[in-house]
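Have a look at the structure below before the remarks.
The values are calculated or read from the model by the stated rules, or taken from the named source; none is laboratory data. This is a predicted model, so every value here is computed, not measured. For neighbour counting, all protein chains shown are included, and Cβ atoms are generated from backbone atoms with ideal geometry for every residue, glycine included. These accessible areas exclude ligands, DNA and RNA; they are computed on the full protein's heavy atoms, side chains included. Shrake-Rupley method; radii C 1.70, N 1.55, O 1.52, S 1.80 Å.
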Amino acid sequence: MTVNVKTIVIIPALNEEDSITEVIKDIQALQIADIIVVDDGSTDNTALAAKKAGARVVSLPFNLGIGAAVQTGYKYARRYGYDIAVQVDADGQHDVQYLRPLIAPILANERDVVIGSRFLPPFSGYRSSFIRRLGIHFFTRLISLLTGVQVTDPTSGFRACNQAMINVFADDYPSDFPEPEAIVEAKNASARIGEVAVVMHPRLTGHSSIRYLKTGYYMIKVTFAIFLRTIQQKNKKGHPL
Amino acid sequence: MIKIFTLGILIIFVFLIIQLCRSGRLTFKYAVGWLCFGAIGIIGAIFDNFVSVLAHRCGFIVTSNFVFFALMIFFIILSLFLTTFLCQQNKRNDIMAQKIAIMALELDYLKERSKKDHG
């Protein structure tokens, strides 16, 4: 691993005190990245557990939503001059052993954004509900149609990006259910987007943020968001934090 | 009678806006639109024949339909304006919360370092 490349892992967390410690310990064991946990207004001891585990913790004063929490991590990464930022979920779904393969195309300057895909061989055995697979397939096609970007796992939150994209995401990051929309934003910024095969596990604790929302609402909302993002004006001036 | 009643309501409305401004519950920036609305209403109530002519020119047979239509358009535009304002405030709120959170982390770090430095 290149020594002078500053890498940071961004972990957005909301009420994940049961799983956050293990996730942090697993990342620390790799010894390749700093960790910033963005506590998105948790009502449990997520922030305390993360601090005890040795991570730096940015505690948002109230719940801003997953998009703003991730964006806070990118703002922190930009402020402290990190070269690579990796997003990892706090629920233990993402196997951090694949952190090195995830950032390898960025280190080799082949990609600007790399998404960890559950559906690429040799680990394509990930099983989720029919409706979820249908949604993923729909967004795969939609993103391909609108932007020409071919991804197999547009809803994966396990992704890495380089400094140029840290700047883009620090200025502007989608709010709710941000993953598919962020791909379109990256494409709008002319990013080279790629995927690597990763393994994802069932959640250690808690429940998915979209479990209680109607899937139809999610599909419609994200579809509109992707359409709007596709036609969004470029060169927006962001807030310099 | 209706003319006097309408005028009375509109004058009370304008007076209310001015009072809200004086008490600081409404800033001048956002009161301007309502004051203009009140003024246009008063002018329309005084020169009601002009409103009728305008309604017929626009293709409305009944003047009241024209008035309701105009009000509906006004409130739709107002709602859109308020929604954009709300979005802007929401974004500013998010930026402020993010900034405070990062600064709080930095402050904690400085405090810890200061403690270590001073024994």
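Where helices (runs of 4 or more DSSP H) fall wholly inside the range A:64-147, the ranges with 3 or more residues that are more than 14 Å from chain B (Cβ to nearest Cβ) and in contact (Cβ under 8 Å) with a residue 12 or more places away in the chain are A:99-107, A:130-147. Going by the structure shown, is residue B:64 modelled with pLDDT under 95, assigned to a helix (DSSP H, G or I), more than 14 Å from chain A (Cβ to nearest Cβ) and open to solvent by 60 Å² or more (accessible area, probe 1.4 Å)? For residue B:64, the condition - modelled with pLDDT under 95, assigned to a helix (DSSP H, G or I), more than 14 Å from chain A (Cβ to nearest Cβ) and open to solvent by 60 Å² or more (accessible area, probe 1.4 Å) - is not met. Residues of the range A:4-22 include at least one that is open to solvent by 10 Å² or more (accessible area, probe 1.4 Å) and either without any contact (Cβ under 8 Å) to a residue 12 or more places away in the chain or of a type in the set (Gly, Ala, Ser) (or both). Scanning the range B:32-53 for residues that are under 21 Å from residue B:81 (Cα atoms) and either surrounded by 15 or more Cβ atoms within 10 Å (Cβ to Cβ) or aromatic (Phe, Trp, Tyr) (or both) returns B:34, B:35, B:37, B:38, B:41.
Would you confirm, using the coordinates I've provided, whether residue A:49 is part of a helix (DSSP H, G or I) and either at the interface with chain B (Cβ under 10 Å from one of its Cβ atoms) or within 19 Å of residue B:106 (Cβ to Cβ) (or both)? No.
Yes/no per residue for (1) under 30 Å from residue A:174 (Cα atoms); (2) in a helix (DSSP H, G or I); (3) away from chain A (no Cβ under 14 Å):
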{"site": "B:14", "(1), (2), (3)": "no, yes, yes"}
{"site": "B:43", "(1), (2), (3)": "no, yes, yes"}
{"site": "B:50", "(1), (2), (3)": "no, yes, yes"}
{"site": "B:59", "(1), (2), (3)": "no, no, yes"}
{"site": "B:73", "(1), (2), (3)": "no, yes, yes"}
{"site": "B:92", "(1), (2), (3)": "yes, yes, no"}
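The lone criterion from (1) under 30 Å from residue B:91 (Cβ atoms); (2) away from every other protein chain (no Cβ under 14 Å); (3) touching a Phe, Trp or Tyr at 6+ places or on another chain (Cβ under 7 Å) left unmet by residue A:58 is number (2). The set of residues in the range A:34-46 being open to solvent by less than 20 Å² (accessible area, probe 1.4 Å) and more than 13 Å from chain B (Cβ to nearest Cβ) consists of A:46 alone.
In the list B:97, B:101, which residue meets the criterion of being at the interface with chain A (Cβ under 9 Å from one of its Cβ atoms), in contact with a strand residue (DSSP E or B) (Cβ under 6 Å, 6 or more places away or on another chain) and either closer than 30 Å to residue B:48 by Cα or surrounded by 12 or more Cβ atoms within 10 Å (Cβ to Cβ) (or both)? Steps first, please.
Working: B:97 fails: in contact with a strand residue (DSSP E or B) (Cβ under 6 Å, 6 or more places away or on another chain).
Residue meeting the stated conditions: B:101.
Filtered by the rule that a residue be at pLDDT below 90 and among the hydroxyl-bearing types (Ser, Thr, Tyr), the range A:148-206 gives A:175, A:205. A count restricted to the range A:160-190 and to residues that are open to solvent by 10 Å² or more (accessible area, probe 1.4 Å) and either at positive phi or not in a helix (DSSP H, G or I) (or both) stands at 8. For beta carbons closer than 7 Å, sequence separation of 6+ or different chains, a first residue in the range A:39-51 that is in contact (Cβ under 8 Å) with a residue 40 or more places away in the chain and a second that is surrounded by fewer than 23 Cβ atoms within 10 Å (Cβ to Cβ), the qualifying pairs are A:46/A:15; A:46/A:17. Quick check on residue A:49: is it open to solvent by 50 Å² or more (accessible area, probe 1.4 Å), of a type in the set (Gly, Ala, Ser) and more than 19 Å from the chain's Cα centre (by Cα)? No; evaluated as a whole, the condition is false for this residue.
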